[in-house]
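Notes for the one structure printed next.
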Amino acid sequence: MLFLGLEILGGTYLVDRGVKYYKRRKHLRQRLLTADLAVTEQTADEPDENKKIQREADHYLKTSVLAVGAAIVTPAAPILLPITYAAVSYNLLPKLRKISPNKVDNNLLNAMVITTCYLTGHYSIAASMSLVSHVGNKLVNKLQDQSEKTLHNLFADRPTSAWVLQDGQEIAVAIDKLQPGDIVVVNGGEVIPVDGTVSEGTALVDQRALTGETVPAEKAIGESVFAATLIISGKLSITVQQAGELTTIAQINHILGQARNYKGQAQSAGETLADKAAPPILLLSGVTLPFIGIMPAASVLFSSPGNMIKVLSSLQTINHLALLFNQQVLVKDGRVLEDFKRIDTILFDKTGTLTTEQPEVINVFSCASATEDTVLACAAAAEAKQTHPLAMAILAKARQKGIEIPEHYTADNVHYHLGFGVEATLDSQQTIRVGSQRMMTQAGIDIPPDIQQQLERVHQDGNSSLVLVAVNDEISGALEFDFPVREEIRDMISRLKQRGLKYLGIVSGDQQAPTEKLARELGIEHCFYNVLPQDKAGLVERLQYEGHKVCFVGDGVNDSLAMKQANVSISMKGATSVATDLAQVILLDGSLLHIDDLFKVSHNLEQSIRQSLMFCGTYSMVTLSSALLFLLGPAYVLTFGSVQYAAALTHAMRSTKKLANNSNHIPGNEQ
């Protein structure tokens with residue numbers, strides 16, 4: 001029977017190698033025949049590869065269960081022995097494939113101990129060992145697949161078709177069929193499906209999904225537009241430059257969707273130690289074989305904790321990444337979880353990071369015979385049908401003050417003048433203009449001295465903006481807008497100070513007065529103003545030279561150099577594409593309180609991995625001593641190992657259990 005098992009195992013292995021060789025040759029021929037495939041097709045193959053890995057994991061998990069069942073019933077039905085041989089042999093293939101011909105490592109030990117059990121007739125033990133291994137791999141692959149699917153869909157809300165202008169008619173065409181040079185027509189309220197250049201029309205475009213700009217951009221002939229941005233008002237004909245997977249937003253999605261197979265220092269050190277221990281363990285097993293017997297010697301081989309280290313550490317890392325993502329924190333680079341606990345300095349960009357994206361009306365000025373409520377009501381009536389941020393701020397202020405716009409007061413005949421403002425007619429009697437000083441000057445409307453004084457103040461402070469309101473060619477008043485500080489900022493600063501961070505600073509390209517004012521309000525000691533992009537990176541480098549570990553939090557192109565230089569970089573969803581590309585962490589809901597969560601999770605992951613390594617070390621010592629001192633075979637080792645493995649898996653999955661219970665608490669060590 002030993003020779004039969006050996007023959008079946010060898011035959012199965014050779015058949016498997018032959019099939020693999022044939023598939024590789026076939027794949028190579030296909031690649032040579034399709035060497036000119038577009039990048040988009042290559043990118044599309046990546047999800048298929050992930051699915052292939054998942055299918056293979058599912059397949060071997062099922063066949064290993066079948067092998068265990070066959071091995072258990074074989075003693076009662078010897079006629080099933082060839083089936084048991086074949087099933088166990090087949091499930092050994094993944095182990096045999098991992099063997100390196102050039103070194104002795106943990107993979108070789110695993111294959112040897114299962115093969116030994118198999119050839120000596122301990123089929124159920126061999127099958128059970130394979131089953132435990134496949135269960136661990138299935139858990140890791142499943143969590144990785146869930147994480148990658150979530151990332152893949154993060155920025156995937158894009159149109160599937162577009163209206164293409166052909167022979168004067170608009171025809172619906174699938175996005176993947178678009179070609180450079182096609183003319184795509186996009187109307188108000190629709191998402192732009194391509195990267196391209198405006199060939200006809202004007203429109204107001206919300207680009208927050210890509211650039212982070214809260215104020216819509218005015219697009220006209222010759223200007224560039226990007227996929228995944230929204231036309232608020234107007235209509236554009238766009239000459240296609242890039243479509244599908246070649247657009248800017250798709251490439252961002254691809255970057256975020258890459259598998260994050262990260263190994264921390266603790267995990268890498270554990271795996272390295274396990275592989276380095278493999279040759280001595282193999283030698284010890286061989287030397288003691290004549291004295292303790294083949295099965296205890298196989299137990300010596302099985303004492304290596306390499307598999308357990310890989311599975312448990314991977315699960316810990318993935319669980320913590322998933323935990324953060326559940327809290328709306330996307331970690332693109334797993335090293336952040338290891339590096340963040342050493343951060344002692346955090347620098348914040350000012351505009352758009354410490355301040356909100358949505359402006360608000362902070363002051364209403366009136367002149368002539370108008371009241372503040374009248375000025376606000378006129379502005380709200382003119383902007384009632386607009387959706388840009390300033391209009392939303394005006395309407396919000398009107399609601400806050402309880403100003404209801406009567407039905408007869410609703411504007412009709414509204415015209416939006418790109419770069420100037422809104423002009424509307426009320427009841428065919430009053431003409432209201434809401435816009436910039438340039439709009440009023442162009443209309444020949446004089447600016448009163450008190451409003452001119454406010455314009456000069458705002459220009460000097462650089463901390464807010466002023467929009468003028470005119471009724472029938474006479475200035476009635478003005479509205480002052482500001483981007484207020486985010487609600488969570490003060491709480492965040494307090495938490496970071498409690499953690500004992502040495503250095504908190506604001507870095508801004510703004511003028512001195514508004515930057516210092518914000519720093520005083522927030523209790524931040526360090527602030528830097530009038531800072532150019534290259535100087536931001538220089539500041540980070542100088543602090544690093546002084547021994548600081550720096551985290552930079554930003555959202556714009558001008559922050560990109562500093563983010564690249566920093567030890568850890570953080571941005572927010574909706575920031576510029578450059579910032580999104582470079583940032584290692586993206587705060588999906590825009591809350592900076594998650595910076596404190598990152599500290600908690602970072603400390604918790606380190607502690608959890610160390611505890612997992614202790615599980616593995618205990619298993620290895622108990623197994624080795626049991627084999628050498630008590631001559632216990634793999635059956636005992638498997639039983640003890642399974643209990644230990646289950647306990648360690650329960651510990652590793654603790655964070656996932658908290659997620660399943662919809663807990664909003666992130667576990668971690670408080671400083």
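It is to be established whether one or more residues within the stretch 533-548 are in contact (Cβ under 8 Å) with a residue 24 or more places away in the chain and under 22 Å from Ser464 (Cβ atoms). No, the conditions are met nowhere in the stretch 533-548.
Within the set Asp482, Asp450, Asp446, the sole residue that is of a type outside the set (A, V, I, L, M, F, W, C) and surrounded by 17 or more Cβ atoms within 10 Å (Cβ to Cβ) turns out to be Asp482. Among residues of the stretch 611-644 being hydrophobic (A, V, I, L, M, F, W, C) and under 18 Å from Ala71 (Cβ atoms), the one that is modelled with the highest pLDDT is Ala635. For Ser237, the requirement of being over 25 Å from the mean Cα position of the chain (by Cα), modelled with pLDDT of 70 or more, not assigned by TED's automatic domain parsing to the domain that holds Asp167 and not in a loop (DSSP other than H, G, I, E, B) is not met. Consider Thr371 carefully, then state whether it is without any contact (Cβ under 8 Å) to a residue 12 or more places away in the chain, out of contact with any Pro (no Cβ under 9 Å at 6 or more places or on another chain), over 30 Å from Asn102 (Cβ atoms) and surrounded by fewer than 24 Cβ atoms within 10 Å (Cβ to Cβ). Yes, satisfied. The set of residues from the stretch 342-362 being buried (at least 16 other Cβ atoms within 10 Å of the Cβ) and out of contact with any Lys or Arg (no Cβ under 9 Å at 6 or more places or on another chain) comprises Ile346, Phe348, Lys350, Thr351, Gly352, Pro359.
The number of residues in the stretch 157-205 that are polar (S, T, N, Q) and either in contact (Cβ under 8 Å) with a residue 40 or more places away in the chain or under 17 Å from Pro216 (Cα atoms) (or both) comes to 5.
Every residue, every condition in (1) modelled with pLDDT under 75; (2) β-branched (Val, Ile, Thr); (3) in a helix (DSSP H, G or I), yes or no:
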residue	(1), (2), (3)
Ser313	yes, no, yes
Gln316	no, no, yes
Leu321	no, no, yes
Asp333	yes, no, no
Leu337	no, no, yes
Val364	no, yes, no
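Would it be correct to say that Glu338 is closer than 26 Å to Pro448 by Cβ and surrounded by 18 or more Cβ atoms within 10 Å (Cβ to Cβ)? Considered against the rule, which asks whether it is closer than 26 Å to Pro448 by Cβ and surrounded by 18 or more Cβ atoms within 10 Å (Cβ to Cβ), Glu338 comes out as no.
None of Asp581, Asp597 is modelled with pLDDT of 80 or more and in a helix (DSSP H, G or I) except Asp597. Out of curiosity, is Phe348 assigned to a helix (DSSP H, G or I), closer than 26 Å to Lys497 by Cα and at pLDDT 85 or above? Considered against the rule, which asks whether it is assigned to a helix (DSSP H, G or I), closer than 26 Å to Lys497 by Cα and at pLDDT 85 or above, Phe348 comes out as no. Among the numbered conditions (1) in a helix (DSSP H, G or I); (2) at pLDDT below 80; (3) not aliphatic (A, V, I, L, M), the only one that Thr353 does not meet is (2).
The values are calculated or read from the model by the stated rules, or taken from the named source; none is laboratory data. Treat the numbers as computed from the prediction; the structure is a model and nothing was measured. Every residue, glycine among them, receives a Cβ derived from its backbone with ideal geometry; neighbour counts consider all protein chains shown.
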